[in-house]
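The values are calculated or read from the model by the stated rules, or taken from the named source; none is laboratory data. Values in this document were obtained by computation on a predicted structure and should not be read as measured data. Heads up, the Cβs are rebuilt from the backbone with ideal geometry, glycines too, and the neighbour counts pull from every protein chain shown.
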Amino acid sequence: MEKSSIVGHAMQIAQLEHDLKTDNVSHAYLFAGPPNIGKSAVARWFATELLTRGLDGPEKAEAASRIDRLLHPDFLSLDQLWIEDQSEDLDAIAESSNLPQSHRRKAPAMRSDVISIDDVRVIQEKVYETGSGTRRVCFIRGIDRLQDAAGNAFLKILEEPPEGRVFLLTTNSDTQLLPTIVSRTRVLHFDRVADPLIAPFVESLPEEDRSFVLHLAQGAPGRAIALGSDPDRLREERLMHNQALSFWGPASLSERLRLLTPLTEKGDASERFLLHLALALRESPVASVSRAMALRRLTARLQTNAYKPLIVQEFALGID
């Protein structure tokens, strides 16, 4: 990962470069901030810097390439653990995770995107192996996916890490983690990136699409780049947005329930539609404090194990 490919986050990069320059590298970093904002990109860049220190020219380029392809023996990555509709395709998962995942095939109950105690055991086994260099880096995206037992087991690794091991962890919110885990990391908070820094990545789009993508991205470069390069996804997002606008407009209860269908679906459809509901409410001429509070309650309730259709129905009934 080249630093030039990272959008924004100059302050965080400068801090990490200072840690390298002063040889004050922590054994664990926690990158906290909204989704798709670039936390993983910075983590992958920092991992490359850590593992290629002292290398020059072709040797450094080869090592960096191996890290990018997840082939470097001292770079461990735990990213995707479950892909909807590709549950048996471990090769697809291996595109972002190079830690062994065979235990998921043996136990169907573990086929989810949570980080289980078995995943932590794999991490422990790998970080304690003898590395090829002085450092071994373990990148874990979404450390907030840790199950309770897994969190306690991972905490033990952070308390007594092997010499030369560096953990690079990302989370959408450090408040979702065990305080003891947060206290054993160096926390860097990531803010939304300004639109002028993201705009060059969508400048080839028509003006109307460019404005919509930047509005929907909400300062997240990853989301803007993904939308700008996928016309089908962009059309789908426009449809969702129009549905969200219709929901806040004059509509019958049956129509509102139909429009809220994405909230009951699997995958990321629910989270995406929640974002559209929030953005559409800001654009609505009938926006109100009560509607905003109802949407916040809906978002919180959908994070629980309660029956989603019932939650959605109660939300629709409560809209004035």
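Starting from residues that are in contact (Cβ under 8 Å) with a residue 60 or more places away in the chain and over 25 Å from Phe273 (Cα atoms), keep the ones in region 182-196 and report whichever is surrounded by the most Cβ atoms within 10 Å (Cβ to Cβ). Restricting to residues being in contact (Cβ under 8 Å) with a residue 60 or more places away in the chain and over 25 Å from Phe273 (Cα atoms), the top hit is Thr185. Would you mind stating whether Glu49 is assigned to a helix (DSSP H, G or I) and exposed (fewer than 14 other Cβ atoms within 10 Å of the Cβ)? When the stated conditions are applied, Glu49 does not pass them. Do we find a residue being modelled with pLDDT of 90 or more, in contact with a Pro (Cβ under 8 Å, 6 or more places away or on another chain) and not assigned by TED's automatic domain parsing to the domain that holds Leu257 anywhere in region 209-219? Looking through region 209-219, at least one residue is modelled with pLDDT of 90 or more, in contact with a Pro (Cβ under 8 Å, 6 or more places away or on another chain) and not assigned by TED's automatic domain parsing to the domain that holds Leu257. Of the residues making up region 285-308, those that are surrounded by fewer than 15 Cβ atoms within 10 Å (Cβ to Cβ), in a helix (DSSP H, G or I) and under 26 Å from the mean Cα position of the chain (by Cα) number 5.
What number goes with the only condition from (1) assigned to a helix (DSSP H, G or I); (2) in contact with a strand residue (DSSP E or B) (Cβ under 8 Å, 6 or more places away or on another chain); (3) over 28 Å from Gly219 (Cβ atoms) that Lys156 does not pass? So Lys156 meets the others, but not (2). Can you spot a residue in region 169-186 that is in a helix (DSSP H, G or I), among the charged types (D, E, K, R) and assigned by TED's automatic domain parsing to the domain that holds Ala14? Among the residues of region 169-186, at least one is in a helix (DSSP H, G or I), among the charged types (D, E, K, R) and assigned by TED's automatic domain parsing to the domain that holds Ala14, which makes the answer yes. Selection within region 226-243: residues that are out of contact with any Asp or Glu (no Cβ under 9 Å at 6 or more places or on another chain) and small (Gly, Ala, Ser). The member of this set that is surrounded by the fewest Cβ atoms within 10 Å (Cβ to Cβ) is Ser229.
So that you can scan it fast, the table gives a plain yes or no per residue for (1) assigned to a helix (DSSP H, G or I); (2) surrounded by 14 or more Cβ atoms within 10 Å (Cβ to Cβ):
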{"position": "Ile198", "(1), (2)": "yes, yes"}
{"position": "Leu205", "(1), (2)": "no, yes"}
{"position": "Arg210", "(1), (2)": "yes, yes"}
{"position": "Ala224", "(1), (2)": "yes, yes"}
{"position": "Ser246", "(1), (2)": "yes, yes"}
{"position": "Ala251", "(1), (2)": "no, yes"}
{"position": "Arg258", "(1), (2)": "yes, yes"}
{"position": "Lys266", "(1), (2)": "no, no"}
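The residue that is surrounded by the most Cβ atoms within 10 Å (Cβ to Cβ), counting only those in region 123-134 that are touching a residue at least 40 places away in the same chain (Cβ under 8 Å) and under 18 Å from Leu169 (Cβ atoms), is Ile123.
All told, Lys21 meets the bar of being surrounded by fewer than 17 Cβ atoms within 10 Å (Cβ to Cβ), out of contact with any Ser or Thr (no Cβ under 8 Å at 6 or more places or on another chain) and either farther than 30 Å from Leu216 by Cβ or outside the structural domain of Val182 (by TED's automatic domain parsing) (or both).
Of the candidates Asp19, Asp68, the single residue that is within 20 Å of the chain's Cα centre (by Cα) and of a type in the set (Asp, Glu) is Asp68. Restricting Leu259, Leu234 to residues that are among the aliphatic types (A, V, I, L, M), in contact (Cβ under 8 Å) with a residue 12 or more places away in the chain and over 22 Å from Met293 (Cβ atoms) narrows the list to Leu234.
Candidates are the residues of region 61-82 that are more than 18 Å from Gly133 (Cβ to Cβ) and buried (at least 16 other Cβ atoms within 10 Å of the Cβ); the one that is modelled with the highest pLDDT is Leu78.
In summary, Pro58 fulfils each of the numbered conditions (1) of a type outside the set (A, V, I, L, M, F, W, C); (2) outside any loop (DSSP other than H, G, I, E, B); (3) crowded, with 17+ Cβ neighbours inside 10 Å with the single exception of condition (3).
Restricting Val7, Val42 to residues that are over 15 Å from Arg186 (Cα atoms) and of a type in the set (A, V, I, L, M, F, W, C) narrows the list to Val7. Here is a list: Leu239, Leu253, Leu260, Leu275. Which entry is outside the structural domain of Pro35 (by TED's automatic domain parsing) and either under 23 Å from the mean Cα position of the chain (by Cα) or of a type in the set (Ser, Thr, Tyr) (or both)? Just a single option satisfies the conditions, and that option is Leu275. Give me the pairs: first residue in region 145-156 and more than 16 Å from Asp174 (Cα to Cα) and buried (at least 19 other Cβ atoms within 10 Å of the Cβ), second residue modelled with pLDDT under 90 and among the hydroxyl-bearing types (Ser, Thr, Tyr), beta-carbon distance under 9 Å, and six or more apart or on different chains, which are they? Going by the 9 Å Cβ cut-off, the qualifying pairs are Ala150/Ser116.
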